[in-house]
Amino acid sequence: MQILDGKVCSDFYRAQVSETVKKIIALNEKPPRLSVFLVGDNQSSAMYIRMKEKACRETGIETRTHVLSEETSEADIIELIKKENADSQTSGILVQLPLPKKYNETRILSNIEAAKDADCFLPENIGHMFLGNKETVISCTPLGVMKLLNYYKIDVAGKDVCIIGRSNIVGKPLALLMLAANATVTICHSKTKNLPEVAKRADILVAAIGRARMIDETYVKPGAVVVDVGINHVEVGNGKSETCGDCDFEKISKVAGAITPVPKGVGPMTIAMVLYNTVYNYILMKKLDIKMDIGPKF
């Protein structure tokens, strides 16, 4: 059974991004900048922001983080986003989700300029991705999954792929990428009948449902590749918690041919793809004659 190590894989792609940033600076350009918005007091969100800031520093990308209280008005957040839109060095804008419930996420996100969308959350970029247009960013976690499989030379063409989860952030865009790579895709969700039976037909099983250890060995065909997108924090007593995925790693590892761990699986790949999108946006914005040495889109 093979461990698909997202940390090792992300280090590889981040090194490629770093080399691209060096090429940009060699052309007397400023380094690309990722501008991040953190609204409210969400400790998990704050942790993810710190991880992205660290990854940016290590690859030569500048960061600017707007830490805003929950008392900040929606209008003020939008005004700050528009200022980032107007900044020629900013090539990636990211609003850390979820926002506090008082805010309209769709309205806030819609003010990000499509050319600076680091997450591929905007309808315009999602449409480009749907149509297979080449000069567009791609949703970070789905792109990270595809590049992880590519790194380990797991070809999805002709394979039966089952994605459990239909979110706009993971399930739906990942299905598009899998289809573009010639996989046969089934998307499952809470209303799917006989879910374990459906999942067990898959050569590649992706769990993205946000329920700790829900997927066990009864969902997995022997020898299948299992990609665990979930990140869950489970209380273990004495005020402590542990991080686990949507899959029961111990049980599934006995039957799967390959599996991603949690942590150090898909998570690091998502961050690597935020860096990729930020630099890719910069190259397009500045019309630079640089090809990103990061391999195929997926």
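The values are calculated or read from the model by the stated rules, or taken from the named source; none is laboratory data. In this text the structure is predicted, and so the values were computed from the model without any measurement. No Cβ is skipped: glycine too gets one built from the backbone with ideal geometry, and neighbour counts run over all protein chains shown. We work out accessible area using only protein heavy atoms, side chains counted, and drop any ligands, DNA or RNA first. Shrake-Rupley method; radii C 1.70, N 1.55, O 1.52, S 1.80 Å.
Structure data summary
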read-out	value
Helix 74-86 axis, angle to the chain major axis (alpha carbon atoms, nearest 10°)	70
Other-chain or far-sequence residues with amide H under 5 Å of Thr136's (modelled H)	none
Label-zone membership for the range 258-291, site Asn28, 7 angstrom Cα→C-beta point, backbone N under 19 Å	283, 286-290
Carbon and sulfur %, accessible surface of the range 1-110 computed with the full protein complex present, 1.4 Å	51
Cross-link pairs beyond the 20 Å C-alpha cut-off, checked among Lys159/Lys221; Lys30/Lys134; Lys134/Lys159	Lys30/Lys134; Lys134/Lys159
Relative contact order (percent, whole number), the range 144-230, Cα cutoff 8 Å, 6+ residue spacing	30
Full-extension gain in nm, Glu53 to Ser69, via 0.36 nm per residue minus C-alpha separation	3.8 nm
With Cα atoms, 0 to 90° folded angle of helix 171-180 axis to the chain main axis	80
Solvent-accessible heavy-atom area per residue, rounded to whole Å², over the chain at 1.4 Å	47
Using θ = phi - 60° and Karplus 6.51 cos²θ - 1.76 cosθ + 1.60, couplings along the range 245-253 (whole Hz; Gly, Pro as x)	x, 7, 9, 7, 4, 4, 6, 6, 4
For Ile215, residues with placed amide H under 5 Å, excluding near neighbours	Cys247, Asp248
For the chain, share of DSSP beta bridges that run antiparallel, in % to the nearest 5	15
The chain, dipole about Cα centre (Lys/Arg Cβ +1, Asp/Glu Cβ -1), debye to the nearest 20	480
Per DSSP, loop trypsin sites (Lys or Arg not before Pro) in the range 102-149 with at most 15 further Cβ within 10 Å	Lys102, Lys134
With Cα atoms, 0 to 90° folded angle of helix 266-286 axis to the chain main axis	30
